[in-house]
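Read through the structure below, which is laid out as C-alpha cells, and then see the notes.
What follows draws every value from the coordinates through simple rules; no lab data is involved. Everything numeric here is computed off the predicted structure, so don't read it as measured data. As a convention, Cβ positions derive from the backbone with ideal geometry for all residues, glycine included, and neighbour counts pool all protein chains shown.
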Amino acid sequence: QVQLVESGGGLVQAGGSLRLSCAASGRTVSSFNMGWFRQAPGKEREFVASINRSGSNTYYVDSVKGRFTISRDNAKNTLYLQMNSLNPEDTAVYYCAADPIYARLRIGTVYYWGQGTQVTVSS
C-alpha cells in the first residue's frame, strides 16, 4: 500500500510559478513510475507529466512542455512538479499518481492516487 500526499498548490498570478510536492509513504516510491494528472472544473482528468522509476525518462503533455518540470527524489520518497509561466488554463486540481507498469502514466492503470491539491491561476 502507498499513501500519496500532495502539497504546494495555491493561488498565483498568470506568469508566476509554483512547485508541487508529493510525499509518499508505505512501500518505497522507487518501485513505481510516478506522475501528475489534473482535473479542471467540468473537464475530465488529464495526464500532465510522468517520470520513470530511476528518473532517467520524463514525459509531458504538449501544453506544458517547456514550462513544467517533473522530478523525483527516491531517497526522500518525494515527487515534484515545478510549474513556471503559469496561465489561467493551468487552473485545476493536481493529483499525484503511482503506476508500477507504465512510465508514461495512463489513468486506467494508475494504482495509487493522492487526494489532490488546488492550483488557481488568476489573469
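Some notes on this structure:
- Counting only strands (runs of 3 or more DSSP E) that fall entirely inside segment 1-91 and contain at least 1 residues that are out of contact with any Gly (no Cβ under 9 Å at 6 or more places or on another chain) and of a type in the set (Val, Ile, Thr), the qualifying elements are 10-13, 58-60, 68-73, 78-83.
- Across segment 1-60, the number of residues qualifying as within 14 Å of residue 71 (Cβ to Cβ) and aromatic (Phe, Trp, Tyr) comes to 3.
- Subset of segment 1-44 (residues that are buried (at least 16 other Cβ atoms within 10 Å of the Cβ) and under 18 Å from residue 121 (Cβ atoms)): 6, 8, 9, 12, 18, 20, 36, 37, 38
- Summed over segment 18-45, residues that are under 16 Å from the mean Cα position of the chain (by Cα) and free of Cβ contacts under 8 Å to residues at least 40 places away in the same chain total 1.
- Segment 54-69, subset within 15 Å of the chain's Cα centre (by Cα) and more than 16 Å from residue 106 (Cβ to Cβ), residue surrounded by the fewest Cβ atoms within 10 Å (Cβ to Cβ): 62
- Those residues of segment 92-119 which are in a loop (DSSP other than H, G, I, E, B) and either closer than 12 Å to residue 37 by Cα or not aliphatic (A, V, I, L, M) (or both), in sequence order: 100, 102, 104, 105, 106, 110, 111, 114, 115, 116
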